[in-house]
1. What is the number of the single condition among (1) under 21 Å from the mean Cα position of the chain (by Cα); (2) at positive phi that Leu337 does not meet?
2. Confirm whether Glu198 is outside any loop (DSSP other than H, G, I, E, B) and surrounded by fewer than 20 Cβ atoms within 10 Å (Cβ to Cβ).
3. Looking only at region 75-89, filter to residues that are in a loop (DSSP other than H, G, I, E, B) and either β-branched (Val, Ile, Thr) or modelled with pLDDT under 95 (or both); which one of those is nearest to Ile25 (Cα to Cα)?
4. Determine whether region 327-335 contains at least one residue that is at pLDDT below 95 and more than 30 Å from Gly171 (Cα to Cα).
5. Where residues in region 331-386 are more than 25 Å from Leu113 (Cα to Cα) and among the small types (Gly, Ala, Ser), which of them is surrounded by the fewest Cβ atoms within 10 Å (Cβ to Cβ)?
6. Do we find that Arg38 is modelled with pLDDT of 90 or more and touching a Lys or Arg at 6+ places or on another chain (Cβ under 7 Å) in this structure?
7. Any residue at all in region 16-37 that's closer than 19 Å to Ser164 by Cβ and of a type in the set (Gly, Ala, Ser)?
8. Mind telling me which of the residues Asp300, Asp295 ends up being more than 26 Å from Ser164 (Cβ to Cβ) and either crowded, with 23+ Cβ neighbours inside 10 Å or not assigned by TED's automatic domain parsing to the domain that holds Ser137 (or both)?
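The values are calculated or read from the model by the stated rules, or taken from the named source; none is laboratory data. What you see is a predicted model; the values in this text were computed from it and never measured. Glycine gets a Cβ as well: all are built from the backbone with ideal geometry, and neighbour counts include every protein chain shown.
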Amino acid sequence: MDIRAVTIGINNTAKKNLASLKELINNISKFKLARKKRIITIRLLAEPFTIDGDNCIENSSILFERFENWRNILGATWFCIPYIFKRRVEVKEINKFLRFIMIKYDAAFINFLINTNGANNLHIMDNAGKIIKEIASLEKNGFANFKFGFSFNIKPHTPYFPFSYHEGKTGFSIAYELTKPILSIIEKNKLLDIVQLEHKIIKEIYELCNEEVNYFKQLKIESGFEFYGIDFSLAPMASINSSVLGLLNTLNKYFFKSRRNMFLTYYLSNILNVIAQQYGHPVGFNGVMYSVLEDKELCDLHVKRTLNIDSLLAYSTMCGCGLDMIPVSGNISEKKLVALLFEVYSISKKLKKPLGYRILPIPQKKNSEMTEFDHPFLANTKILKI
């Protein structure tokens, strides 16, 4: 299986050995290349920058300079800086800083942690609409919010950006490209019943991963860097036509003859959690990700038959990432953006579930008009009516 992400979490205070980190990346790359598989992205992840006392958001700018330098040395794709707010910060100050950072550092992701490690974020949530719309204004096609998100109840070491943060010793976590391997297993086992298929998927994915997990554990010993674990989420990606909706459609076609997507979201999530638990230290979401703009088939469906924000919220009770990568009109009100954020927050709080919130207002676009992205991770679709 391809690796979607090798995410390296870097301890802010420990002495950095970039040569050893470079060797770690090279070893994983050689291991995958020998199996004729690839690594799609390499990501660097920081510990949260905590804003409290006299520590202001502008003081974090040194982190961006540092991680951009490391990214270039290590050949990484992106890096992510998470924030915890323990005191009130004026939204004008936040927006001024974010505008400066996101223009200067094209490879930077930013994550505002909500309800994590003593964060006091209600004032940040109340101002979410202002922050999201300020970021949206940075690019004509609204792309900048791809690199910014709010996250709730997440644990450290999640490989997927922006909903992540690092904690502890420098180390790495892995996200696999699982959608196509599971689709292949389904196609080859159409005569099984749904329970037999569940066991078959668990067995075959475990066998596919087992040798690699053992290698990563050995690499931990040899390199001295922690191996934090694997996120077994089903995540779409437009450029390789890796579609979660396509996977669900195949299951519906062969096993139900009708749409049962809510049940299948639960069904697949349960399979992923069983696989993750077999390895003893799962990280991340280990769920089904309905990231709208990253799923080509979901985007195409929305063009033909409008998606419903209430349905996407309902899927948040079972899926891996909340409301993610949803294009909305550039003139959406700040109040609506805040209201949706509180919906996701409430679901996460009640279910004690990790969720994210990443909405993309598209400047000068109205409901049902098409987006105009040109990025390998994204597809285009209609603006979703809220």
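1. Only one criterion in (1) under 21 Å from the mean Cα position of the chain (by Cα); (2) at positive phi is unmet by Leu337, namely (2).
2. Yes; evaluated as a whole, the condition is true for this residue.
3. Taking the candidates together, the pick is Thr77.
4. No; the residues of region 327-335 include none that is at pLDDT below 95 and more than 30 Å from Gly171 (Cα to Cα).
5. So the residue we want is Ser368.
6. Spelling it out, Arg38 is indeed modelled with pLDDT of 90 or more and touching a Lys or Arg at 6+ places or on another chain (Cβ under 7 Å).
7. The answer is no; no qualifying residue exists.
8. Exactly one residue qualifies, and that residue is Asp300.
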